[in-house]
Structures are given as structure tokens and as C-alpha cells.
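**Q** Here it is, the structure, as C-alpha cells.
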Amino acid sequence: MKGVRPLRGLRALCRVLLFLSQFCILSGGEQSQALAQSIKDPGPTRTFTVVPRAAESTEIPPYVMKCPSNGLCSRLPADCIDCTTNFSCVYGKPVTFDCAVKPSVTCVDQDFKSQKNFIINMTCRFCWQLPETDYECTNSTSCMTVSCPRQRYPANCTVRDHVHCLGNRTFPKMLYCNWTGGYKWSTALALSITLGGFGADRFYLGQWREGLGKLFSFGGLGIWTLIDVLLIGVGYVGPADGSLYI
């Protein structure tokens, strides 16, 4: 009987171990089935759209180069400010307009405090009505300055930076031919008086045909020389390229 009891205890222990092993197998199978089912059916998916961040602009506006930093707002060039203008003002009368500085422009008031909005005083007139000293125009070297009637040429004019006016700051205008090629009136007159009989004055002015005529005719026996002295003296005879004397 003593040998049977240990055998029964061993059998009971084996049964317990067998039961525990079967339980672990069953529980593990259920978890694997649930995991497989979740893999097969992942459920509703969520999509995320990555929006790229807008790159910050580091470019400096071209008008900033004309705008003095920390200067008086009322003295800024017209390209540095935006003004609310009124075209119904009375021509030639003083008028005030509300203005604001453009982005990236810094200026101060009379007390050296930072300022964005201010008032400017100006005269009511359009840009093309400004005096000639307030704008710059293109020059033409293809027209005759010495002619009757005087010739004009189409020019593009631009208002100076510190001048404020109404309308477009660039405008077309018909101007009198007014350019010089470097010829001096005093030099031409001196040559006509001293060496005019040899055509030196005409050669100097670029009129080589007339100069040859005077050279081989000895100044038209002196008559042509006297006439040229008078014509150059009054400015009627000028350079051959049509420019003005210096």
C-alpha cells in the first residue's frame, strides 16, 4: 500500500499539469485568432495630410532702397508712402493728405517717435504741371537745336523723389531740342575771326564741305569770312550735328 500512494499522487500531479497545459493552449489560440482577425479587418483608417509651412519671404521690396531709415516721415520720397489723395482740390492751393508708410519702411515724427500714419502738405497740381526743375526728362540727340522753327522731341519725364504731386509720376512731354556736343561758341568765333579765311571755323563745327570751299576760295575773297563772323557771332551757324554751343 505504501508503494501505491506515491503512484496515485504522481498521477494526480500529471492530470493537473495536463489540465493547465490544455488551458494555456486554448487561451493562446483565442488571442491569436483575435489578433489575426484584427489584422484582416483593421477597421476605418484615418488619413493625415501634411500641409507644408509657407516659407517666409525674406525679399526686400525694391522701394526700400530709396527710403532713409528712421528719418522724418514727412520727408520720405513718394515711393515710400501711400497717400489718400483728392483730385477735387483747387489747383495751386495748399492741401493736406493723409499718408501711411509702406511695409518695411521705418520713420519717426518730430519727437523722434516711431510713426506709421502722418499728414503731408503740398500744392494741389498734377505731376505734369510741375516746374521743369521738379522733374527729369530723357534727352534726344537726333533733333536739330538750331532750326527755324525750333524742333521738339517726345520725352519721358519722371518727378524727383522728394516732390509730391497728383497723378502719374512718369508722363510724356514735348520738349525743345536742347543738347550739346561739346562745341564752344567762343572757340568757333575766335577761329572765324583769325583763321576764317582758311575755313578753320567750319572745320571745327564739323562742316567740312563749307570748310573746303572757304579754304580753296580764300574765304570767298574775304566776303564769306566776314559773313561767317556775323553768323557765328549771333549763333545762327552752329555745329553740324545740330547741338547747342556750350
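**Q** Could you compute the FRET efficiency for Ile246 and Ser74, with r as their C-beta to C-beta distance and R0 at 41 Å, rounded to 0.05?
**A** Rounded to the nearest 0.05, the efficiency is 0.55.
**Q** Next up: What do you get for chymotrypsin sites (Phe, Trp or Tyr not before Pro) in region 87-189 restricted to DSSP loop and a cutoff of at most 15 other Cβ within 10 Å of the site's Cβ?
**A** Here the sparse-neighbourhood loop sites are Phe87, Tyr91, Phe112, Trp179.
**Q** Could you please put Cys137, Cys99 in sequence from largest to smallest accessible area, using a 1.4 Å probe?
**A** Most to least solvent-accessible, the answer reads Cys137, Cys99.
**Q** So how far apart, in nm, are the two label points at Leu221 and Val64 if each is 7 Å from Cα heading toward Cβ?
**A** 7.9 nm
**Q** If you count only protein heavy atoms with a 1.4 Å probe, what accessible area per residue comes out for region 129-176, rounded to a whole Å²?
**A** Per residue, region 129-176 has an accessible area of 65 Å².
**Q** Treat each spin label as a single point 7 Å out from the Cα along the C-beta direction, and report the Lys184 to Arg209 distance in nm.
**A** It is 2.9 nm.
**Q** In whole Å, how far is the Cα centre of region 88-121 from that of region 184-246?
**A** Going from one Cα centre to the other spans 57 Å.
**Q** Using a 1.4 Å probe on the protein heavy atoms, what percent of the accessible area of region 129-176 belongs to carbon and sulfur?
**A** On the way: 1560 of 3100 Å².
Accessible surface attributable to carbon and sulfur in region 129-176 totals 50 percent.
The values are calculated or read from the model by the stated rules, or taken from the named source; none is laboratory data. Note that this is a predicted model, so its numbers are computed, not measured. Methodologically, a virtual Cβ is constructed for each residue, glycine included, from the backbone with ideal geometry; neighbour enumeration extends over all protein chains shown. Side chains included, ligands, DNA and RNA excluded: accessible areas come from the protein's heavy atoms. Shrake-Rupley method; radii C 1.70, N 1.55, O 1.52, S 1.80 Å.
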